[in-house]
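First comes the structure, then the notes that go with it.
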Amino acid sequence: MTAFLLSLPFVAVLALIFIGLGAMLFKRNLIKILMGLSLFESAVNLLLVAIGYRQDGVAPIFTHVPPHTHMVLPTVQALTLTAIVIGVATLAMMLSFAMIIYRKYGTVDIRNIRKLNG
Amino acid sequence: MNLLWLLSSGSGTWNPLLWLLAFIVALAAAWFIRSFGRKDFREGLQQEPFISGNEEPADGGGHIPASNLYWGFLESLSGYYSRLIPLHTGILTDYVAWFLGVMAVMLVIALIV
Amino acid sequence: MATLLQHLPALLVAVPLFAAFTLPLVGRTGAPARTAWVFLGALLTAATGLLLAWQVFAHGPLLYVFGAAAPHVPTPMDSGGIPIRIIFQIDALGALMVVIASLSSLAIILYSLASDSRHSGKDSFYSLLFLLVAGVLGMVSTGDLFNFFVFLEISSLSGAALVAYRVDKGQAVEAGLKYALLSTVGALAFLVAVGLLFAQYNALNIAVVASRLQFTPLDQIALVLLAIPLAMKCGAVPMHFWTPDAYSTAPSSITAFLVVSSQASLYGLFRILFSLYGHLLEFSWLTFGWFLIILGVLSMFIGVTMAIPQKDVKRLMAYHAVSQTGYMLLGVGVGLAVLGNAEALTAYGRTAMAGGLFHILNHAMYKGLLFLTAGAIFFRTGTRNLNKLGGLGHHMPWTMVFFMIGALAIAGIPPFNGFASKFLIYESVFRFSPFLSIIAMLVSILTLASFVKVFHAMFMGAARTEFAQVREVPIPMIAGMAILAAVVIVTGLMPRPFIDHMILPAVNALVDRADYIAAILGGH
């Protein structure tokens with residue numbers, strides 16, 4: 001049962017990755033493509049956090065450690081925080097690109113945003 | 001001195017110094033041949049380009065634009081180009097699809113081999 | 001002074017980051033102060049990079065542990081023999097890339113001081129430019145997988161923002177969006193792989209992961225997730241589609257540095273394949289060696305054939321950038337394919353890799369120079385369309401000379417530097433497979449053909465009245481181009497010292513994986 005519960009996050013990660021990639025591949029609306037990217041990002045963050053889970057471990061806050069417990073080195077949590085910050089910056093920039101493109105081209109349909117080709 | 005210049009690939013060598021020497025010799029030969037030219041040439045005289053007796057087209061009219069260069073090359077390879085250029089659609093989802101496609105193929109190869 | 005030298009690796013990213021974040025403040029005090037600040041930042045960054053590279057080439061690889069009391073000790077006493085901090089590990093290969101980035105950044109910043117002087121929004125423009133430089137310098141000096149991801153994202157984000165910076169009726173933004181989205185998807189795939197490796201080996205340091213690698217199925221998945229995004233970022237066919245879009249619409253100074261940024265990804269790809277995964281079975285060497293070779297041949301051939309019909313001069317040059325990357329992939333790929341065969345490795349494998357790595361240096365210089373000349377033409381005439389240009393040799397003699405140097409170098413005409421590296425690649429690849437070598441030569445001929453077309457279209461012909469007002473570009477732009485042209489000529493005329501003191505140590509740094517690991521973990 002525990003093994004099943006512990007593997008659930010990874011199932012969710014896979015599902016989210018494929019939903020995100022699917023949105024990026026098959027949606028035509030630029031905003032929806034960016035939503036797919038955002039899903040992919042969240043999936044990766046979830047993967048990192050799920051990797052860092054240790055059963056019966058406690059957070060490494062030295063003043064609140066109960067006796068006979070193990071603290072967890074919070075490397076992946078730190079990675080996730082960094083990845084979230086980078087993700088926010090990326091997404092904000094791309095949404096502003098989408099805004100400018102809509103203003104200049106009058107469309108967010110990706111099939112019409114192809115002045116650069118050939 | 002030679003060590004500074006000589007480049008060896010294990011099966012051949014290349015010496016930029018020799019090439020420079022050859023270049024200088026060629027320049028000297030060109031200058032020598034040129035010195036046999038007519039001495040009575042004057043600047044400004046006999047300088048009009050001769051295009052079968054026609055006037056020289058003004059303002060770059062005689063300049064062959066870039067698109068007309070290699071017309072024959074592109075025409076003879078039109079079968080190749082008519083397939084290749086449409087691949088560069090400019091559509092973002094196609095770019096992502098190519099990227100993920102290559103990744104999927106390599107995943108299969110890496111896991112099988 | 002000794003303290004300064006000790007902290008050089010930290011300064012390498014700290015200087016451009018400091019310049020980037022102080023620039024908006026300094027910019028408020030007026031344009032002259034900003035120009036001086038930008039120039040000073042560029043000079044200091046380049047000086048730090050060159051000094052650091054000199055240290056590495058003279059005294060061997062450098063380590064720098066961030067936040068440690070003793071920055072040269074990778075494993076603290078109380079950590080159980082494991083490095084726990086972020087470590088910069090700069091060996092000869094990293095130093096080679098640092099040299100490229102330093103020279104190129106100095107030239108393009110000088111150039112952009114004049115070429116972007118007519119535009120608004122210069123504070124954030126130069127901030128982003130310094131961020132891009134910091135990202136590239138960080139990528140090539142870090143010894144930590146996650147840190148590499150962070151610098152990759154810094155360079156992609158600032159690169160995309162700079163591509164889109166001059167909106168250009170939306171076209172530049174379109175290119176920026178494509179670049180940003182592909183980079184982000186690639187970087188996220190990279191991050192998944194970092195997660196997979198961390199889950200198995202509890203480490204992020206490249207050397208530590210490399211020493212523990214078991215080559216489980218998860219590792220194989222991680223390898224693909226690490227290698228393919230980096231191959232995409234360096235513009236290898238068939239994942240090159242973003243390259244012509246981004247390169248053609250970005251301001252020319254930026255394009256010249258995007259080339260360096262692509263090559264930092266190429267550095268990452270080689271680092272992953274050789275230093276991280278280098279002890280695979282021989283069979284996998286062949287597999288991934290041929291993976292690089294096939295990508296290389298496809299890039300060379302499709303890149304150059306797509307360049308020939310182009311009408312936009314920068315788009316044409318961008319396809320050539322794809323094509324030239326193919327040479328590097330081919331050279332290093334041949335080295336990887338024979339990595340398990342000691343005899344072939346000494347006979348031609350190392351030479352092929354030397355050719356590939358030397359081509360990275362040469363390409364960054366002459367392709368940067370070519371993009372800068374295209375930018376100079378655009379600066380004066382306002383068009384990139386080859387059909388509308390002509391007769392500019394009468395007005396812009398310096399630009400024409402620089403263009404000729406760059407074009408002859410990229411076509412591999414002696415005595416310019418492109419020939420020296422292509423010579424090494426042809427001769428060594430011929431002994432691996434004559435067919436590949438012949439393709440490489442054919443591509444060189446096509447490259448020359450297409451640059452003859454560009455030269456004819458832009459500079460030849462009678463002077464035209466519509467370009468009567470065109471003059472030579474300002475001094476800073478000429479100075480920027482002259483720096484790159486000087487490097488092209490010097491490396492072309494005297495390739496031997498560069499090969500002996502920079503390229504061959506870099507090849508050894510790639511091949512001798514044990515040294516890379518021993519630098520962190522000690523012992524052999």
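The values are calculated or read from the model by the stated rules, or taken from the named source; none is laboratory data. Every value quoted in this text rests on a predicted model; they were computed, and no experiment measured them. Glycine also receives a Cβ, built like all others from the backbone with ideal geometry; neighbour counts cover every protein chain displayed. For accessibility, only protein heavy atoms count, side chains too; no ligands or nucleic acids. Shrake-Rupley method; radii C 1.70, N 1.55, O 1.52, S 1.80 Å.
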* Would you list, by chain and number, the lysines whose Cα falls below 24 Å from the Cα of residue A:115, excluding same-chain residues fewer than 8 positions away? => A:27, A:32, A:104, C:169, C:178, C:233, C:311, C:314, C:388
* Asked: How high is the FRET efficiency from residue C:500 to residue C:398, r the C-beta distance, R0 56 Å, rounded to 0.05?
  -> 0.95
* **List A:54, C:271, B:83, ordered by accessible area with a 1.4 Å probe, largest first** => B:83, A:54, C:271
* Would you kindly compute the Cα radius of gyration of the protein assembly as shown and its largest Cα-Cα separation (Dmax), both in Å? => 26.5, 108
* Asked: Angle between the Cα long axis of helix C:145-163 and the longest principal axis of chain C, 0 to 90 degrees, nearest 10?
  -> 10
* Asked: Which value, in Å² rounded to 10, gives the accessible area of residue C:97 with a 1.4 Å probe and all protein chains present?
  -> 10
* Inter-probe distance in nm under a simple model that places probes 7 Å from Cα toward Cβ, at residue C:435 and residue C:124 -> 5.2
* **Electrostatic dipole magnitude of the range A:2-112 [Cβ: Lys, Arg +1; Asp, Glu -1; Cα centre; debye, to 20]** => 540
* Asked: Scaled to the compact-protein estimate 2.2 N^0.38 Å, what is the alpha-carbon radius of gyration of the range C:389-524, rounded to two decimal places?
  -> 1.44
* To do: Please arrange A:49, C:38 by accessible surface area, largest first, computed with a 1.4 Å probe and ligands excluded.
  => A:49, C:38
* Asked: How much area per residue is accessible in chain B when the probe is 1.4 Å and only protein heavy atoms are counted (Å²)?
  -> 71
* **Set of lysines near residue C:422 by C-alpha distance (under 19 Å), chain-local residues within fewer than 8 positions excluded** => C:367
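Report the gain in length on full extension from residue C:25 to residue C:212: 0.36 nm times residue separation, minus Cα-Cα distance, nm rounded to one decimal.
62.6 nm
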* residue C:18-residue A:59 pseudo-label distance in nm [points 7 Å out on the Cα-to-Cβ vector] -> 3.6
* Asked: Roughly to the nearest percent, how much of the accessible area of the range C:286-422 is carbon and sulfur, given a 1.4 Å probe?
  -> 68
* Asked: What angle do you read, to the nearest 10 degrees and between 0 and 90, between the alpha-carbon axis of helix C:475-493 and the longest principal axis of chain C?
  -> 60
* Structure fact -> Computed about the Cα centre, the charge dipole of the protein assembly as shown from +1 Lys/Arg and -1 Asp/Glu charges at the Cβ has a magnitude in debye, to the nearest 20, of 1220
* Using just the C-alpha positions of the range A:2-112 as equal point scatterers, what log10 of I(q)/I(0) does the Debye formula give at each q in 0.11, 0.15, 0.19 1/Å? -> -0.51, -0.76, -1.00
* Asked: If you add up the charges near residue C:428, with Lys and Arg at +1 and Asp and Glu at -1, over every other residue whose beta carbon is less than 15 angstrom from its beta carbon, what do you get?
  -> +1
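Rg to Rh for chain C: what is it, with Cα atoms only and Rh by Kirkwood?
Dividing the radius of gyration by the Kirkwood radius yields 0.96.
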* **the range C:324-416, relative contact order in percent, only Cα pairs under 8 angstrom and at least six apart counted** => 25
* **the range C:70-217: radius of gyration over Cα atoms, expressed as a fraction of 2.2 N^0.38 Å** => 1.27
* Report, in degrees rounded to the nearest 10, the 0 to 90 angle that the Cα long axis of helix B:92-112 makes with the longest principal axis of chain B. => 60
* How much mean residue ellipticity at 222 nm does the protein assembly as shown get from its helices, if each DSSP H run of length 4 or more adds -39500 (n - 2.57) and you divide by all residues, to the nearest 500 deg cm²/dmol? -> -23000 deg cm²/dmol
* Counting alpha carbon pairs within less than 8 Å and at least 6 residues apart, what relative contact order, in whole percent, applies to chain C? -> 16
* Asked: What is the spin-label model distance, in nm, from residue B:32 to residue B:111 if the labels are put 7 Å beyond Cα along the C-beta direction?
  -> 7.2
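What's the whole-number percent of alpha carbon pairs in the range C:133-237 lying beyond 21 angstrom?
So the portion of pairs separated by more than 21 Å is 40 percent.
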* Give the residue from C:12, C:88, C:106 lying farthest towards the positive end of the charge dipole for the range C:1-148; charges sit on Cβ (+1 for Lys and Arg, -1 for Asp and Glu) and the dipole is referred to the Cα centre. => C:106
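With a cut-off of 8 Å between alpha carbons and a minimum separation of six or more residues, what is the relative contact order of the range A:2-112 in percent?
In percent, rounded to a whole number, it is 26.
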* the range C:40-166, accessible area per residue, ligands and nucleic acids excluded (1.4 Å, Å²) -> 30
* Keeping every protein chain in place, order A:68, C:363, C:59 by accessible area at 1.4 Å, biggest value first, i.e. largest first. => A:68, C:59, C:363
* **Paramagnetic reach from residue B:85 in the range C:219-246 [backbone N under 18 Å; point 7 Å along Cα→Cβ]** => C:241, C:244-245
* Just tell me which aspartates and glutamates come within less than 18 Å, Cα to Cα, of residue C:453; anything on the same chain fewer than 8 places away is out. => B:75, C:312
* Asked: Just B:37, B:12, B:79 to compare: in a GNM of chain B, with alpha carbon springs under 10 Å, which one fluctuates most?
  -> B:12
* Farthest toward positive dipole pole in the range C:114-236 [+1 Lys/Arg, -1 Asp/Glu at C-beta], among C:115, C:155, C:192 -> C:115
* Asked: Which of the listed residues, C:320, C:345, C:369, is farthest toward the dipole's positive end in the range C:270-408, when Lys, Arg count +1 and Asp, Glu count -1 at the beta-carbon?
  -> C:369
* Asked: What is the dipole size for chain C, taken about its Cα centre, with +1 at each Lys and Arg Cβ and -1 at each Asp and Glu Cβ, in debye to the nearest 20?
  -> 1300
* To do: Note down the net charge around residue B:92, summing +1 for each Lys or Arg and -1 for each Asp or Glu among other residues with Cβ under 15 Å from its Cβ.
  => +3
